[in-house]
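**Q** First the structure, then my questions, so here it is.
The values are calculated or read from the model by the stated rules, or taken from the named source; none is laboratory data. Source: prediction; values computed, not measured. Methodologically, a virtual Cβ is constructed for each residue, glycine included, from the backbone with ideal geometry; neighbour enumeration extends over all protein chains shown.
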Amino acid sequence: MMQVSFRNISQSYGRQVLFQQFDLVIPSGSFFTLLGPSGCGKTTLLRMLGGFVKPDSGQILFGDDDVTQVPVHRRGVGMVFQDYALFPDRSVLANVCYGLAARQVPAAEAEARAMAMLKRVGLETFAGRMPAALSGGQRQRVAMARALVIQPRLLLLDEPLSALDVKLRVELRSMIRDLQTEAGITTVFVTHDQEEALAMSDLIAVMDRGRVVQAGPPREIYAKPRSRFVADFVGSANVVPVDSELPSSADGARRLGTPGGVLLTRSDLPLAAGSSLAIRSEEISLVAAGPQQEGLLSGVIEHVEFRGSITGYAVRTTVGLIRVDVWTSQQKQLRSRGEPVTLQLPPAAHIVEPS
């Protein structure tokens, strides 16, 4: 296991500055996710780790080793690409053996190791097939086997599940996590999919325009976003602007003035100019319409979306459109479009800074 560090990295493309004095430490043995929208720099960082891109300045460290100028084939890195990057004219076994052959591992040993890894990913009976005869999920398993069989110091995953259907993505992300945990390899995963990041990661770094705007465990990123950008990007929270802070309630909850009335929070973050309240859709309760009270918002249902176990409501209020997710089984009957309702917002609402 090995810690990986970016130290004082700068990178520009023409006049566009992508990174400026960028620092990041990826703990040894962790499954670390770079999460962010397209163009934020996450894939460039991954390619720097692989040796495919060299920074204009700064250092990339594997443990204490400066690998900034070390070529790709000498870094000991395994990489799984979004498009699998399998050799179409070689069998599954030959694809998995490729990295071992390049490292001059004897043929018999290479084949034995490759077959053991194919068995681990459930494809030992497919060793003689060509990639064209495999499904997308099977190709991705071959790509994982090829990356892991060389026993890399670092595993890089470049949106490896994005081309697969939803059910297969859920299945394969469990397999990838299990393989990484067993091997204990420091792993860097790039994705723009928040659900994948939350489900698979030990740590997440949320990126925006070449900066890490928040890093931490998935639960912390989700439950305690620091900025409006993180709150909106990770889980699409409802964001309510705050006008002022009022004296606390009798039970110690903070009372915040908003365009829709007084809302409550137990967040301990300071209130600054432009701060908002971020409220997750599943934390809001729908109650019968009634008189305005603190912690409540009145509105009218504008849209109903049945999603099986969850029913989603979009409610038009004085602070804008508020989205509410309710367990379908907990509702006696589905509410209808145009129906007036009251939203009960919990003190779990979290103060976030402007992005």
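**Q** Read through the list (1) under 30 Å from S298 (Cβ atoms); (2) at pLDDT 90 or above; (3) crowded, with 20+ Cβ neighbours inside 10 Å, then give the number of the only condition that T258 fails.
**A** (3)
**Q** For segment 178-185, state whether one or more residues are surrounded by 20 or more Cβ atoms within 10 Å (Cβ to Cβ) and on the phi > 0 side of the Ramachandran plot.
**A** no
The rows are residues; the columns are (1) free of Cβ contacts under 8 Å to residues at least 24 places away in the same chain; (2) under 25 Å from Q138 (Cα atoms).
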position	(1), (2)
V4	no, no
S30	no, no
L46	no, yes
Q59	no, no
F81	no, yes
R90	no, yes
N95	no, yes
Y98	no, yes
A110	yes, yes
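**Q** Sticking with this one: State which residue is modelled with the highest pLDDT when the search covers only segment 315-334 and only residues that are surrounded by 17 or more Cβ atoms within 10 Å (Cβ to Cβ) and more than 27 Å from V213 (Cβ to Cβ).
**A** So, considering only residues that are surrounded by 17 or more Cβ atoms within 10 Å (Cβ to Cβ) and more than 27 Å from V213 (Cβ to Cβ), the one modelled with the highest pLDDT is V315.
Rundown of residues vs (1) hydrophobic (A, V, I, L, M, F, W, C); (2) outside the structural domain of D158 (by TED's automatic domain parsing); (3) surrounded by fewer than 13 Cβ atoms within 10 Å (Cβ to Cβ); (4) in a loop (DSSP other than H, G, I, E, B), yes/no style:
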residue	(1), (2), (3), (4)
I60	yes, no, no, no
A94	yes, no, no, no
Y98	no, no, no, no
M115	yes, no, no, no
K119	no, no, no, no
T125	no, no, yes, no
R129	no, no, no, yes
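**Q** If you don't mind, another one. For segment 241-268, enumerate the residues that are closer than 16 Å to A348 by Cβ, part of a loop (DSSP other than H, G, I, E, B) and touching a residue at least 60 places away in the same chain (Cβ under 8 Å).
**A** Within segment 241-268, V242, A253, R266, S267 meet the criteria.
**Q** From the list V170, V242, V206, V213, exactly one residue is closer than 28 Å to Y84 by Cα, more than 11 Å from the chain's Cα centre (by Cα) and not polar (S, T, N, Q). Which is it?
**A** Matching residue, one of V170, V242, V206, V213: V170.
**Q** Further question on the same structure: Can you tell me how many residues within segment 1-39 are among the hydroxyl-bearing types (S, T, Y) and in a loop (DSSP other than H, G, I, E, B)?
**A** 3
**Q** Can I ask one more? Are any residues in segment 1-16 touching a Leu at 6+ places or on another chain (Cβ under 8 Å) and among the hydroxyl-bearing types (S, T, Y), and if so, which ones?
**A** Within segment 1-16, S5, S12 meet the criteria.
**Q** Step by step: first the residues of segment 137-181, then only those that are small (G, A, S) and free of Cβ contacts under 8 Å to residues at least 40 places away in the same chain, then the one that is farthest from A112 (Cα to Cα). Which residue is that?
**A** Across segment 137-181, the extreme among qualifying residues is S174.
**Q** Separate question: Looking at the structure I just gave you, is I9 farther than 28 Å from Q104 by Cβ and of a type in the set (V, I, T)?
**A** Judged against the criteria, I9 is a match.
**Q** Counting just the residues of segment 310-341 that are of a type in the set (S, T, N, Q) and in contact (Cβ under 8 Å) with a residue 24 or more places away in the chain, which one comes out farthest from G257 (Cα to Cα)?
**A** Ranking the candidates gives S336 first.
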